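Taking it in order: structure first as structure tokens, then the write-up.
The values are calculated or read from the model by the stated rules, or taken from the named source; none is laboratory data. Remember, predicted model here, so these are calculated numbers, not experimental data. Ideal geometry is used to build each Cβ from the backbone, glycine not excepted, and the neighbour counts take in all protein chains shown. The area values use the complete protein model at the heavy-atom level, side chains included, leaving out ligands, DNA and RNA. Shrake-Rupley method; radii C 1.70, N 1.55, O 1.52, S 1.80 Å.
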Amino acid sequence: MLRDRNLGISCLIVSCFAVGTFGVLQLQPMLLQELLNYPVETSGFIMAPRGIASAVVLIMAAPLMDKLDNRIMIFVGLVLNAIGVWQMSRYSLEIDPFWIILPSLIQGAGLGLVFAPLSKMAFSTLRPELIPGGTAMFNLCRTIGSSIGIAVINTYFSYVKQLEWQSLGGALSLDNKLLQDYAAVKSEAITNTKFLEQIAALLKQQSTMLAFVYCFMLMVFIYLTLMLLLPLLREKTKSSTS
């Protein structure tokens with residue numbers, strides 16, 4: 001089955017695409033609840049627009065798949081995903097809820113423009129007797145990609161978090177002028193246990209925030225890289241039908 005170029009390339013694209021998609025779906029609730037202190041219900045409501053946007057775009061895109069080049073639709077979808085996640089890479093601890101919802105809407109629209117056209121192209125040149133097996137292969141690659149994505153993103157997140165913690169913490173010393181000034185503003189002695197606990201909490205917050213940012217940037221890179229594979233897909237022609 002994978003000798004069919006469309007199916008093989010589509011399986012590769014959907015696997016890598018799932019890495020970024022499910023990576024975002026895992027990281028964003030962690031960010032909202034652990035760093036921004038959003039309740040679970042609020043986090044769910046804030047993430048809901050992504051699914052709504054995806055459903056609306058899927059409905060709108062369905063009649064267009066027979067009229068437009070599906071590779072263009074997939075390209076636009078990848079661009080929207082890259083833009084949405086790039087906006088997430090600009091998050092900070094003072095982010096407004098609007099700037100959490102807007103990138104989710106953009107990414108959700110991109111999801112709708114990728115999955116449906118990609119599914120169509122995956123089987124467009126496949127022989128009819130191979131379509132059931134090809135469908136199972138395509139869905140298997142998407143599932144494996146999501147599982148690998150969660151594992152890879154978790155590992156990368158933990159690595160970057162520890163690396164940034166060491167980088168930021170390495171600059172904290174008793175002779176650090178900025179730390180001395182901050183202690184003076186807080187009217188605390190720099191060696192005070194309570195003050196040091198506050199600094200440790202801030203250090204954890206900032207290193208964790210940087211880990212989220214770098215993970216989102218990694219996903220942007222994945223989406224942009226996948227665009228290079230689109231020219232390898234081919235639209236169904238009369239010759240391939242016969």
Original post:
Quick one: is residue 31 open to solvent by less than 30 Å² (accessible area, probe 1.4 Å), over 17 Å from the mean Cα position of the chain (by Cα) and within 23 Å of residue 89 (Cα to Cα)?
Top reply: no
**OP:** Hey, can you tell me all the residues within segment 182-217 that are among the aliphatic types (A, V, I, L, M) and open to solvent by 50 Å² or more (accessible area, probe 1.4 Å)?
**Re:** 184, 185, 189, 196, 200, 201, 202, 210, 217
Subject >> Residues that are open to solvent by less than 80 Å² (accessible area, probe 1.4 Å) and over 30 Å from residue 218 (Cβ atoms), drawn from segment 156-181 >> reply: 173, 176, 179, 180, 181
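Surrounded by fewer than 17 Cβ atoms within 10 Å (Cβ to Cβ) and at negative phi: is that true of residue 97 in this structure?
yes
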Original post:
Restricting to helices (runs of 4 or more DSSP H) lying wholly in segment 148-242: which have 2 or more residues that are closer than 27 Å to residue 21 by Cα?
Top reply: 193-226
Subject >> Number of the exception - residue 91 against (1) more than 25 Å from residue 123 (Cβ to Cβ); (2) touching a Leu at 6+ places or on another chain (Cβ under 8 Å); (3) assigned to a helix (DSSP H, G or I); (4) not polar (S, T, N, Q) >> reply: (3)
